[in-house]
Structure formats: structure tokens, C-alpha cells
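The structure appears below as C-alpha cells.
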Amino acid sequence: MFQLLLEPLQYDFMQRSLVVAVLVGILCAVVGSYLMVQRLALLGDAISHSVMPGLALAFALEANIFIGAFIAGVISTLLIALIHTRSPIKEDTAMGIVFSAFFALGITLITTIQKDNKVDLNHFLFGNILGVSWEDVITTVVIAAIVVVIIVLLFKELQFYTFDPLGAQAAGLPVNLLNFGLMILIALTIVASLKVVGVILVLALLVTPGATAYLLVKRLHQMMILGAAISVVSSVSGMYLSYYFNLPSGPAVVLVSAGFFTLAFLFSPQHGLLTHPQRSRAGSPLLREIKSLLRARRSP
């Protein structure tokens with residue numbers, strides 16, 4: 001048993017990958033908890049897709065792709081806020097417009113770059129955690145430290161704003177600054193996660209561990225801690241599965257995380273589909289509407 005656990009650790013690339021996977025797992029669970037509570041999962045998806053032009057330009061200029069992705073993510077959040085505040089367009093619509101346009105621009109730039117350089121698009125889309133360098137590890141450590149320190153220092157303010165934005169504004173908190181700061185933290189987390197799961201799957205790592213913890217605990221800090229533990233176990237387990245079964249690392253991590261969510265969805269003490277079957281059947285508005293529709297069609 002111990003041999004199975006220790007064998008992958010003899011390789012440097014697995015050591016680097018596991019360090020990055022653990023750090024990213026903690027980051028995604030902590031930041032993703034705010035997305036869960038505020039129902040802003042689409043925002044994470046928007047920012048993750050919007051980093052593509054930054055990745056492409058940074059690669060073309062031989063610059064740090066983390067910096068390019070972060071700049072593109074910040075620009076996309078500013079554009080979303082601008083469209084939402086200066087027009088009658090709703091925020092979710094603004095997100096859809098911006099992230100689809102940025103993603104299309106990124107694909108176009110990468111396709112253009114591929115004419116002169118061999119670029120593996122799959123590495124951008126689905127991650128390449130086995131290819132991380134020690135420089136990537138250091139960058140991830142720095143990003144993780146920045147995000148965690150900011151969340152610890154501003155935990156009470158962010159919690160107040162997350163659950164009661166109007167109350168936070170009435171109390172004199174800088175809600176616009178807190179909102180923009182939260183978007184910056186999301187952008188940093190997504191940038192750190194790109195090597196692990198890529199642009200396409202980063203939303204799953206952001207939302208799934210927090211959603212799993214949401215079914216099991218009630219308080220925000222508990223959700224963060226439990227979500228981080230689930231995310232770390234998912235990341236490490238996914239890496240070992242990819243090593244022994246020759247699976248793509250990023251999708252393996254996401255699938256393990258989805259497996260934990262499935263277990264929580266079925267067996268949660270308070271919300272489980274199987275632990276509370278009567279409440280699930282009685283409380284399903286979809287089933288009630290289907291039954292009433294069938295009764296209405298049968299009646300003359």
C-alpha cells in the first residue's frame with residue numbers, strides 16, 4: 001500500500017504537480033465558497049474563458065502566461081462592470097457577452113500563432129499539470145499566499161458583503177471596492193488553476209468542492225475548510241489515478257471532485273436524496289408540475 005503511495009513521489013514532475021494541485025485545491029475551495037453563496041458561478045466561468053487572449057498574447061510575446069492571463073481577466077471584469085452599470089443590460093447577460101467574445105478572440109489568436117509556432121491548444125483548454133516547472137510552483141505559492149492573506153484580513157467584511165450587500169453598504173463598507181476585490185481574487189485563483197485543469201474545467205474546481213461542502217455544513221468558514229479538504233483529496237486522488245491508469249490529470253481531478261459531490265447529494269444528513277427521500281419527492285416542484293399537467297390533460 002505504501003509502495004503505491006510512494007512510487008509516484010520519486011519523480012520530480014509528480015512532486016511539483018502534487019504541490020501545485022494541493023495549493024490550487026485550497027484556493028479554489030476558499031474562493032469558490034463566495035461564488036456559491038453569492039450565486040455567481042457564471043462569473044467564474046466568464047473570467048476563466050476571458051483569460052484566453054492574455055494567454056495567447058503572453059505566449060506570442062514570450063512573456064509570463066500567468067501575467068497575461070491575469071491582465072485579461074481583470075480587463076474582462078472591468079468590461080462586465082462597465083456594461084452592467086452604464087446600460088440596462090443585466091449582469092449575467094454582460095458576462096455572457098464578454099466571456100464569449102474574449103474566448104473567441106483567444107481562440108483566434110492561438111490559431112494565428114499556430115501558423116508559425118507549434119502550440120498545443122489542449123494545454124490551454126484542459127491544463128497540463130504534469131508539465132509544471134519549479135517556477136510555476138513558486139508562482140502558485142505566491143498567488144496562494146496573496147489570496148489567503150487578503151481573505152483572512154478581510155474575512156468579516158467579505159462575509160458581511162456576501163450575505164447582505166445592502167446592509168454592508170448601509171454600514172458604510174466600500175461595497176464596490178469589495179466586489180472588485182473579490183473579482184480580482186477570483187481572477188488570481190483562475191490564473192493559478194490554469195496549469196491544473198485549464199480554461200474549460202476550472203469552473204468545476206471552483207464550484208464543485210464548495211457545493212459539496214454546502215450540502216454538509218451551514219457556516220461560511222466551515223464550508224471553506226471542508227471544501228478545501230475535499231478539494232485537496234480530489235486533487236491528490238486525481239493525480240494518483242492519472243499516474244496509475246494513464247488518464248488526463250485535469251479531468252481526473254474534476255471527476256473525483258464530482259464523485260464526492262454525488263455522494264454528498266445522495267447521502268447528506270440534511271439534504272441527501274436517499275437520506276430524505278420523502279422530502280425530496282414532496283419538495284420537488286418539477287414533479288408536482290408534471291403531475292398537475294398530467295391530471296389536467298386527463299380531465300375533460
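Derivation of every value follows stated rules applied to the coordinates shown; laboratory data play no part. From a predicted model like this one, the values you see are computed outputs, not experimental measurements. Note: ideal-geometry Cβ built from the backbone for every residue, glycine included; neighbour counts use all protein chains shown.
For the chain, averaging the sequence separation of C-alpha pairs within contact (under 8 Å, six or more residues apart) and dividing by the residue count gives a relative contact order of 26 percent. A simple rule links phi to the HN-Hα coupling: the Karplus curve 6.51 cos²θ - 1.76 cosθ + 1.60 with θ = phi - 60°, which for the stretch 82-98 gives 5, 5, 5, 7, 10, 8, x, 5, 6, 5, 5, 5, 4, 4, x, 5, 5 Hz, with x for Gly and Pro. Helical runs (DSSP H, four residues minimum) scored at -39500 (n - 2.57) apiece and divided by the length of the chain put the mean residue ellipticity at 222 nm at -26500 deg cm²/dmol. Exposed loop sites here mean trypsin sites (Lys or Arg not before Pro) with a DSSP loop assignment and at most 16 other beta-carbon atoms within 10 Å; the chain contains its longest site-free run at 119-217.
Charges only on Cβ, +1 for Lys and Arg, -1 for Asp and Glu: so what's the dipole of the chain about the Cα centre, in debye to the nearest 20?
On the way: 17 positive and 13 negative charges, 309 e Å.
Dipole of the chain, to the nearest 20 debye: 1480 debye.
Panel values: the chain, Kirkwood radius from alpha carbon pairs, Stokes-Einstein at 25 °C and 0.890 mPa s, translational diffusion coefficient 119 µm²/s.
Excluding same-chain neighbours fewer than eight residues apart, the aspartates and glutamates reachable from K156 by a Cα-Cα span under 18 Å are D164.
Please work out whether the stretch 1-133 counts as rounded, prolate or oblate from its C-alpha gyration tensor, where a ≥ b ≥ c are the square roots of the eigenvalues and a/c under 1.5 means rounded, while otherwise a/b larger than b/c means prolate and anything else oblate? Each step should come with its number before you reach the end.
Details: a/c = 3.02, a/b = 1.43, b/c = 2.12.
Verdict is oblate for the stretch 1-133.
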